[in-house]
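Data block below; observations after.
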Amino acid sequence: MANQLSNTQTYGVPIYAAEWIPEETVRSKIDKDEEKPEDGGESSSSRSCIVLSGGGGEGNSGIPNVILICRVDLETNSLSEQPIRDLRSLLQLGKLLLGTDLPYRMTVHPRGGGPICALPNSCKLFDWENIMNPSEDNQAGEESDEVITELRDVGQQLALAFNQEGSVLASGGEDGTLRIFEWPSMKTLLNESNAHASVKSLTFSESGKFLVSLGGPLCRVWDVDASAAIASLPKEKDEMFAYCRFSVDNAGNEVLYIAANTERGGSIITCDPTSWKRKRSTLIKNNPISAFNVSADGKLLALGTLEGDVLIIDSTKMKTFQVAKKAHLGFVTALTFSPDSRCLVSVSLDSRAKLTVIEQTHGKGGPRWWLLVLLLILTYIVSYFFTKAKGIIPMKIPQVIPQHDAAE
């Protein structure tokens, strides 16, 4: 039973994508389907869920292609030993959802609308109710209604992203095509076939006004309302852009982070979204970055490396303050922060998911220095008066000036 309280679990398939499930979804559509513990020991307020996707792809490897829902217990800082739902089980009911299609990329609707998975030639939307309570009325071989018509037969999509409100969906293809849709109407806002040689990463600004896409040596900025590119951020020297993420700084201003790989290793580029100019570039690790993400509060950056390490970085100081060495046996494929920024889940081709709890020392360096200085001052004052009272420090003798008689 010890494995049930482990912060690392092996789920039997290579994992390519991981997303935290919104809390309202967990409460309303997942928790109600689970049996409550007889001892009543585990409070639902301490439990969250993640959704993972991966598998063996096509061929006869014997490794299935799956979508898993796994429990995260924030009181014991552990992952469930077994997934609470495993989408491959639906195949036994005759519902052809995955088959030989690998769910290579994934995004989750921020308002509980379900996950979208990018398969080799299309994208499918999965409803939480169907995942938790699969019906048996769909016959084998029948086309599933989860296929998104506008993303059918479009080739492999390497990036999927919703804006913060969940009203706009963007997808980037291996063929370099960028598509932007209204959600859920799927009205096309943009269909640019030459956005990049291949679209690697997408991110919406906090306001939803801008979308940033990148592929290889080029990062492009798109005005969503105008459906047009408004800026380009070229690479410098030997940089190769890998990931992009919008966030906010301590002052509440938007900031764009770009994770890039160079001959010296990985680096984080910070860009100003008003001028679209880079502000600084910080070398973080002497190994290429294989995964990147930013916490919801903007205070933390997370990097996964080809060596399987996971690094937590202070976004203000750009200093690494927490490292999970060899968190995985292979390179890290995806990282996802909890909505409250308390912990991080990393996944890899080694079939493992690892929960890393963020150390609480983060962001408290300044106040702690002041407390230390204050403590030293108080210690000095107490020591001074103690030694003075014991006579170790002689009392100051006032100088007496003799008074002379008037006759003198």
When the residues of segment 90-109 are narrowed to those that are modelled with pLDDT of 75 or more and more than 12 Å from Pro64 (Cα to Cα), which ends up farthest from the chain's Cα centre (by Cα)?
Tyr104
Check Gly208, Gly215, Gly172 and return the single one that is at pLDDT 95 or above and under 22 Å from Leu119 (Cβ atoms).
Gly172
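Name the strands (runs of 3 or more DSSP E) wholly inside segment 265-326 in which the number of residues that are farther than 24 Å from Asn250 by Cβ and either at pLDDT 95 or above or not charged (D, E, K, R) (or both) is 2 or more.
Details: elements: 265-272, 277-285, 289-294, 300-305, 310-314, 319-324.
Qualifying strands (runs of 3 or more DSSP E): 289-294, 300-305.
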Just the residues that are within 20 Å of Ile269 (Cβ to Cβ) and of a type in the set (Val, Ile, Thr), please, taken from segment 174-229.
Val199, Thr203, Val212, Val221
Can you tell me how many residues within segment 209-239 are surrounded by fewer than 17 Cβ atoms within 10 Å (Cβ to Cβ) and either aromatic (Phe, Trp, Tyr) or in a loop (DSSP other than H, G, I, E, B) (or both)?
8
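Provide a single number: the residues in segment 185-208 that are assigned to a loop (DSSP other than H, G, I, E, B) and either closer than 20 Å to Ala334 by Cα or out of contact with any strand residue (DSSP E or B) (no Cβ under 8 Å at 6 or more places or on another chain) (or both).
Going residue by residue through segment 185-208, those that are assigned to a loop (DSSP other than H, G, I, E, B) are 185-187, 193-200, 205-208.
Now narrow it down to the ones that are either closer than 20 Å to Ala334 by Cα or out of contact with any strand residue (DSSP E or B) (no Cβ under 8 Å at 6 or more places or on another chain) (or both): 185, 193-194, 198-200.
Qualifying residue count, segment 185-208: 6.
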Picked from segment 240-267 (must be without any contact (Cβ under 8 Å) to a residue 40 or more places away in the chain and among the charged types (D, E, K, R)), the residue surrounded by the fewest Cβ atoms within 10 Å (Cβ to Cβ) is Glu263
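The values are calculated or read from the model by the stated rules, or taken from the named source; none is laboratory data. Because the structure is a prediction, the values reported are computed rather than measured. Every residue, glycine as well, gets a Cβ built from its backbone with ideal geometry; the counts of neighbours run over all protein chains shown.
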